[in-house]
Amino acid sequence: MRDNAIAWLKGMRPLFGREYAQARLFIFAVPIVHFLTLGLPRMNRWLWGGWTRESVKAYMFNSAGNTFHRIYESGVHEIAGRYWLLLAAFVLALVQLGVERRNGSQELLFSLPYTRRQIFFAKWLLGAALFGGSLLLNTVIDAIVVAISSASDYLRIDYFVVQFGYSLLVVLAGYSCALLIGTLTGSVASQTILTWVLVALPIVFVELLDFSLQAHGIYMPRQGVYDAYSSVNGGDLLRAWFNFFNYASAQYSDISWTHALSLLAIIILSFAGGVLAYSRNPTENNGKLMIFKSGETVLRWGFVLCASMVTGLLGTELFRLNAGDRLGYDIGFVLGCVLSTLGMRKLLRMRFKY
């Protein structure tokens with residue numbers, strides 16, 4: 001079993017080499033910029049900030065703050081590092097899939113003696129190794145900085161282990177989703193737009209849905225037995241669970257097994273979906289908004305629904321009638337439905353150069 005795995009990896013070496021050569025300069029830039037967001041700020045504070053062991057102890061005693069909040073600042077540097085790596089993951093996925101389609105190298109890649117599943121796995125593994133390696137390197141640097149600084153009495157190895165594991169899950173979830181979107185879109189432009197649309201969609205959609213229901217006298221259920229101002233709205237719960245920014249910006253005290261398992265599920269589902277879609281990519285649809293007909297259908301109706309709710313919102317402001325918000329909303333919704341359907345039909349027929 002082990003020999004077979006080693007032989008398989010050796011056979012994949014040319015494919016890994018190709019993926020590395022395609023993004024070589026970017027790969028070297030990622031850990032360097034990551035260091036600016038994670039290791040360097042801790043150096044500025046504890047190595048070059050003029051602190052002594054006595055002043056650190058006095059600071060901790062007088063502020064009555066816990067170790068994670070005062071010494072590690074609740075993980076704000078790790079959060080900044082996650083956002084940089086997520087941006088890097090988006091760019092890498094764009095290079096690996098969108099740019100490859102635009103310059104015509106995808107057809108040549110498919111002619112190599114590798115299955116499409118092997119090609120996709122090589123792409124994903126390169127990104128996973130890059131982001132995992134950058135996180136490991138800079139987390140170790142961060143820990144060493146604390147260990148040799150005036151704050152060494154407050155070194156907590158478990159803090160760095162948890163932050164490394166959670167940050168890796170966040171970045172791999174974002175990267176896997178970006179690759180999945182890249183397998184479904186036919187151009188750099190559509191991959192870029194759809195990626196950012198889907199990032200913002202959970203936030204925007206819940207807001208639009210909440211407003212649409214309220215315009216018709218329906219209110220999302222509230223959780224708890226408190227008054228209307230202190231209880232939790234059902235929309236808030238949806239925003240909390242489906243907003244990826246909540247996962248990426250989680251402070252150390254907010255990290256939980258529930259969040260970690262949710263991210264792991266996203267990684268598994270996105271990777272499986274990416275493998276399936278990439279293995280069936282029809283190259284003749286390169287340049288289109290979406291690669292698959294089913295993807296066009298989902299995109300069409302999703303766009304029409306969201307656009308119609310937006311115009312419904314505008315309708316309540318433009319058509320202030322005695323009937324209240326409902327009639328104005330319905331007028332705007334119908335107009336938005338017609339216009340967005342016509343616009344989407346035209347977009348789906350176009351081929352994009354980029």
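General observations
- Filter result (of a type in the set (Gly, Ala, Ser), open to solvent by 10 Å² or more (accessible area, probe 1.4 Å) and under 11 Å from Arg82 (Cβ atoms)) within region 159-177: Gly174
- So Ala147, is it free of Cβ contacts under 8 Å to residues at least 60 places away in the same chain, surrounded by fewer than 18 Cβ atoms within 10 Å (Cβ to Cβ) and either under 17 Å from Trp46 (Cα atoms) or not acidic (Asp, Glu) (or both): yes
- Any hit, region 250-257, residues being within 28 Å of Leu179 (Cα to Cα) and in contact with a Cys (Cβ under 9 Å, 6 or more places away or on another chain): no
- The number of residues in region 318-333 being among the acidic types (Asp, Glu) and modelled with pLDDT of 75 or more comes to 1.
- Checking Val99, Val140 one by one, the residue that is surrounded by fewer than 16 Cβ atoms within 10 Å (Cβ to Cβ) and on the phi < 0 side of the Ramachandran plot is Val140 and no other.
The values are calculated or read from the model by the stated rules, or taken from the named source; none is laboratory data. Keep in mind that what you see is a predicted model, and the values were worked out from it rather than measured. A quick note on method: Cβ atoms are made from the backbone with ideal geometry, for glycine too, and the neighbour counts reach across all protein chains shown. All accessible areas refer to the heavy atoms of the entire protein, side chains included, with ligands and DNA or RNA removed. Shrake-Rupley method; radii C 1.70, N 1.55, O 1.52, S 1.80 Å.
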